Amino acid sequence: MFLYVFLACVGIVQCYSNGQVAGVCGSLMPDHGVTAQTSPSPFNVATSKTTFKEGDEITVTLNAQSGDYFEGFMLQANEVGSTGPIGTFSVADSAAQVINCGSVANRAVSHQSASKKTSIQAKWKAPASGLIKNIEFRATFVRSKKTFWVGVKSSPVTYSGTPVAPTVAPTVAPTVAPTVAPTVAPTVPSNPDCGKTKVCFSQPNNCDPTTSTDCHFMAVQASSNQSEWIIEIFGQADGYVAIGFSDDKEMGNDDIYICSKDKNSIPQVQHAFSTGKFAPNILSLGNVSNIKTALTNGNINCSFTSRNAISTGSRAASTGQYYLMIASGPSSQVFRHPGLPVDGKHCVLQSWKPANKGNIQTHTKRFVSGTKADLQNPSTVTSNAEEFPPILKAHGALMLIAWMTTGSIGMIIARYLKGVAKGQGLGGKDFWFMAHVSLMLLSIIATAIAFILVFSYAQDWAGGAHPVLGCLVMILSLIQPIVAIFRCDPQDERRFIFNWAHSFIALAIKAIAVAAIFTGLALFEEYKTDGWMLKVMGGFITWEALMYVLQDLNFRARKKDSEIFSCGLIKPEAVLLLVFVLGNLAFLIALLVGIGTT
């Protein structure tokens, strides 16, 4: 009695790792003493063509989802509904080999060793003659001895040959085919079916994509065993609309589909997996079929059927419950064809350059469902009013207070108000000095608390330039008081070194803090659509610059025993400081309100 061993796995006899598993042709079932996995497969089988005829060659790709791998595999082609191998294979991949099934050579493909693999390609050639029907490719993937998936199928490939020749040859020359295939209008997203047969998410909530001029909409209709998903994407955008399935409300570890205009302004569908906020892996399209797209009045519309397992990376078996995401933005209107090799190094929702063919730019709109959606139970999910994490709001508020008010006021006091109430103070220290030190210490404390809050929450460097700028502000803020502690006596001949260093560090902190605030507010703006907070911050910078100019003019006038204006007993420096404080508070309150309502 022969023991049919299919694939090599860790812990198996070494000779089985050579992939000589012809004995399981047809069944594709390894004899590992355990049953195959019934959860959705983290691997897929993709084909380069959706139709074929006699003698055609099709490239077949076996792919692992992001972060996964398989050690062994077996691939064969079958007529739909049959398990008998058909056609022949050839391989150029050193990790794969062709094997015989029965007495026919090159009927299947398997591994050559137990090394970890994430992608394998093989070429299949159709029979040159005979009764041919529609086919599908089936594969078994082995991750370990006890973990394997059997019979993972590609989308059906339709036979398009003409076995019976026509009796009358055409006498009229055929019309020349257009160089660009026309777009096929997809099924219009059917809002009435939401909650009945589909899970729907839209922004604004419950908007109707057939009538609204600015409705972002997605719908998912699942088969009973979650093996197939009918997905609809609709939205108004300059370049693309993307949807995502996530375990949380943050970008990262998300299964993503993108509907984007190509260089001919024809929408195309792309599949990706997000491993972080900036660099998702671009996947092959996989088991996606029935793709239909349309572009009307600026609205991008795609619908398709997917048999790809939804993977969020953090769990082996899907529960079918996900937060739903929609994002849209501009692009360079160039798109990588799904059949091209995938490099997996570029970002979809932030700054993605797919295969040297263009650039999908940062999304300008992003919406996340307020609760998880159970894809097996038709429903309509809505977005929460509270989408931005409160701990990040606290971080932003503290940084604004530190560098729009306490820090700014402390700096302007040190520069321009030394002459006001000179010689008056406590413990031999002038009031201006005490105010300056107190305000700057408050700024450092607020910055430190904000720094600790955000890094305890995020625990990574996601966010582009913002976290880097924030770290520089924190470091320089700690250096500044250390330098001040070791300053020379005012009458010391080397005092100028401290004065220049102290001023230079203060200027650097201010400039970097302003840049950090702008980049931080840009992240908040992802959750808002009006974009006014960045404009308010721009107004604040203009206001602060104006106050510095007025203080500097008055400072120069004082050197000539003059003033730019007179307020009786109150010195102009104090009046300008009061106006400066009131203006800063107005801008600060506006931005704090914006953050609080994000």
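Here are the numbers for this structure:
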{"item": "Residue in the range 35-50 that is under 36 Å from the mean Cα position of the chain (by Cα), assigned to a loop (DSSP other than H, G, I, E, B) and of a type in the set (A, V, I, L, M, F, W, C) present", "result": "yes"}
{"item": "Qualifying residue in the range 206-214 (condition: part of a strand (DSSP E or B) and either assigned by TED's automatic domain parsing to the domain that holds Ala373 or not charged (D, E, K, R) (or both))", "result": "no"}
{"item": "Wholly within the range 95-160, strands (runs of 3 or more DSSP E) carrying at least 3 residues that are more than 31 Å from the chain's Cα centre (by Cα), among the hydrophobic types (A, V, I, L, M, F, W, C) and over 14 Å from Asn78 (Cα atoms)", "result": "96-101"}
{"item": "Single residue of the range 236-252 satisfying the filter (on the phi < 0 side of the Ramachandran plot, assigned to a loop (DSSP other than H, G, I, E, B) and among the small types (Gly, Ala, Ser)) that is modelled with the lowest pLDDT", "result": "Ala237"}
{"item": "Failed criterion for Pro490 (all others in (1) assigned to a helix (DSSP H, G or I); (2) farther than 18 Å from Val514 by Cα hold)", "result": "(1)"}
{"item": "Candidate set from the range 272-299 (those that are assigned to a strand (DSSP E or B) and closer than 24 Å to Gly370 by Cα); member that is nearest to the chain's Cα centre (by Cα)", "result": "Ser274"}
{"item": "Any hit, the range 217-232, residues being farther than 30 Å from Phe137 by Cβ and touching a helix residue (DSSP H, G or I) at 6+ places or on another chain (Cβ under 9 Å)", "result": "yes"}
{"item": "Subset of the range 120-134 (residues that are in contact (Cβ under 8 Å) with a residue 60 or more places away in the chain, surrounded by 15 or more Cβ atoms within 10 Å (Cβ to Cβ) and of a type in the set (A, V, I, L, M, F, W, C))", "result": "Ala122, Trp124, Ala126, Ile132"}
{"item": "First in the range 31-53 and within 12 Å of Val150 (Cα to Cα), second anywhere and surrounded by fewer than 20 Cβ atoms within 10 Å (Cβ to Cβ) and of a type in the set (Phe, Trp, Tyr), Cβ under 6 Å, 6 or more apart", "result": "Asp31/Tyr4"}
{"item": "Condition check for Thr61: within 35 Å of the chain's Cα centre (by Cα) and in the same structural domain as Ala36 (by TED's automatic domain parsing)", "result": "yes"}
{"item": "Residue among Ile445, Ile452 that alone is assigned to a helix (DSSP H, G or I), without any contact (Cβ under 8 Å) to a residue 24 or more places away in the chain and surrounded by 14 or more Cβ atoms within 10 Å (Cβ to Cβ)", "result": "Ile445"}
{"item": "Residue match in the range 85-95 (condition: out of contact with any helix residue (DSSP H, G or I) (no Cβ under 8 Å at 6 or more places or on another chain), at pLDDT below 90 and hydroxyl-bearing (Ser, Thr, Tyr))", "result": "yes"}
{"item": "Flag for Glu71 being farther than 27 Å from Ser224 by Cβ and either under 36 Å from the mean Cα position of the chain (by Cα) or crowded, with 23+ Cβ neighbours inside 10 Å (or both)", "result": "yes"}
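The values are calculated or read from the model by the stated rules, or taken from the named source; none is laboratory data. All values reported here derive from a predicted model rather than from experimental measurement. Positions of Cβ are generated from backbone atoms using ideal geometry, with glycine treated the same way; all protein chains shown enter the neighbour counts.
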